[in-house]
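**Q** Shown below is the structure under consideration.
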Amino acid sequence: MSKIKDFYFFLVVLYSGMALAFFRSHEGLIALWALGLFIFGRETLYPSRKLFIALGVWMGYFTINTLIIRSFHPMFMGIYIAKIMIAYWLLTNYKEQIFKKYEDTIYNLTIISLALYSIQIIIPSQMWNIFQAIDLSEGIFPHKLYSSIGIYTFHQKNLSELFPRNSGFTWEPGPFSCYVMLALFFNIARNNIKIKDKKRLMVYITALITTQSSTGFIVLLAIIIWISWARFKNIAFKFLSVPIAISIVIYLFINLPWLQEKIVNEAEQDVEEIMERATLTGSSYAPGRFASFQMRWEDYKNYPIAGYGGKNSLQTGFISEDHTVSAINGIGTILGKYGSIGFTIFIWCIFSAGRWLGLYYKYTSHMIFPVLLLMIGFGFGIIESPIIVTLFLVSFFITHKNV
């Protein structure tokens, strides 16, 4: 039975990569939940009081949201019922080993990605033909060179591109880099903030380089600053190492053109211009993280208590069901979609999880985990993926003797 549960964990991670249309659909989440219900039947028949409390908190929020927007959305209600139950099953099964399990799974997927990425660089045309034949993505990005088999995604601008970006098991390189950097963080944390597992760390860093992701590199730089602060007990070393680490961060930001230029370009996007263009052309757009945050901030101002919830027509950028300006900013989405209630619960969860991790792995600067999640969430919506939700609910479902 443990092998079946391990396979289920693997499926939750793959689903969180959102590389296939099925992994992005409500039907996919329902199927994942139903499979978990079958595998963890005993745990579901004899649930702990904490599961009822977690579901009760969600239903309390949902009731308030429903009354405010005066619209009932059962699918929206079911999304977090499913995610909370998936988190409960995984956390009660793996307990404190959930982070090691996550790291092992991401490490194996990273090895697969580097192997297939190497082939993609050497024979891109032949690999594209093969991936087209076995594609499972159901054409979610029909106007791009995009094919995915779940465990790896072929994604290039064109077949003549010398160094394409590695998307791994996700739909694009940025989210993949974030999952990899979390694995790197857990590796360092469990090794007492020491560079012990050099083989794994080298694999993670190599994968990060192949993604060419600005968010991934910024997360890595935050981890470097954390190591500089938490690694040394001597206060003099702390105050000496941190400025050096910050100097490295500034140097890399200035000297990596694709890192600096991408952030500057996205910061200069005009939301009004993008929405006007979408209305005139009839096309859907997905602006960068800064414009996305601005859109959801407008939603938050319109619905500050509980957000727009499941009524997507209330969100900024909605034109029609098949015609929207989508916001990729995860933090902005939590603000706009769930309002002050949802954002407060989210912040409590991630900071509580950060304290839990710090006490369990015995490191200082407990804020590092929530800071990493906030950085990742500013770039992408994967902070609402089932695996990330599982990780930040750890302190709620698992009581550790040191916490």
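**Q** Quote to one decimal, in nm, the extra length available between Asn129 and Ala115 on full extension: 0.36 nm per residue of separation minus the C-alpha distance between them.
**A** 3.3 nm is the gain from fully extending Asn129 to Ala115.
**Q** Considering only DSSP states other than H, G, I, E and B, which trypsin sites (Lys or Arg not before Pro) in the stretch 5-92 qualify as loop sites with at most 15 other Cβ atoms within 10 Å?
**A** Sparse-neighbourhood loop trypsin sites (Lys or Arg not before Pro): Arg70.
**Q** In addition: Classify the stretch 67-164 as rounded, prolate or oblate from the Cα gyration tensor: take a ≥ b ≥ c as the square roots of its eigenvalues, call it rounded if a/c is under 1.5, otherwise prolate when a/b beats b/c and oblate if not.
**A** Verdict is oblate for the stretch 67-164.
**Q** Once you keep just the Cα pairs under 8 angstrom separated by 6 or more residues, what percentage relative contact order results for the stretch 56-213?
**A** 19
**Q** So between Arg355 and Thr63, what do we pick up on full extension, going 0.36 nm a residue minus the alpha carbon distance?
**A** 102.1 nm
**Q** Given bins 10 angstrom wide, list per bin the percent of all Cα-Cα distances in the stretch 1-171, short to long.
**A** Per 10 Å bin, starting at 0, the Cα pair percentages come out as 9, 30, 29, 20, 10, 2.
**Q** Where the Cα atoms of the stretch 130-189 are projected onto their three principal axes, how long is each span, largest first, in whole Å?
**A** Cα spread of the stretch 130-189 along its principal axes, largest to smallest: 41, 25, 18 Å.
**Q** Something else: Name the residue farthest towards the positive end of the dipole of the stretch 1-171 from the options Ala115, Gln132, Tyr8, assuming +1 on Cβ of Lys and Arg, -1 on Cβ of Asp and Glu, about the Cα centre.
**A** Highest projection toward the positive end goes to Tyr8.
**Q** Follow-up. Please list, in chain and number order, the residues 5+ apart from Phe318 or on another chain whose amide H is under 5 Å from its amide H, with Hs placed from the backbone.
**A** Those lying under 5 Å, H to H, from Phe318 are Val325.
Every number here is computed from the coordinates shown, using simple stated rules; none is lab data. Just so it is clear, the model here is predicted, and its values are computed rather than measured. Here Cβ is always computed from backbone atoms with ideal geometry, including for glycine, and neighbour counts include all displayed protein chains.
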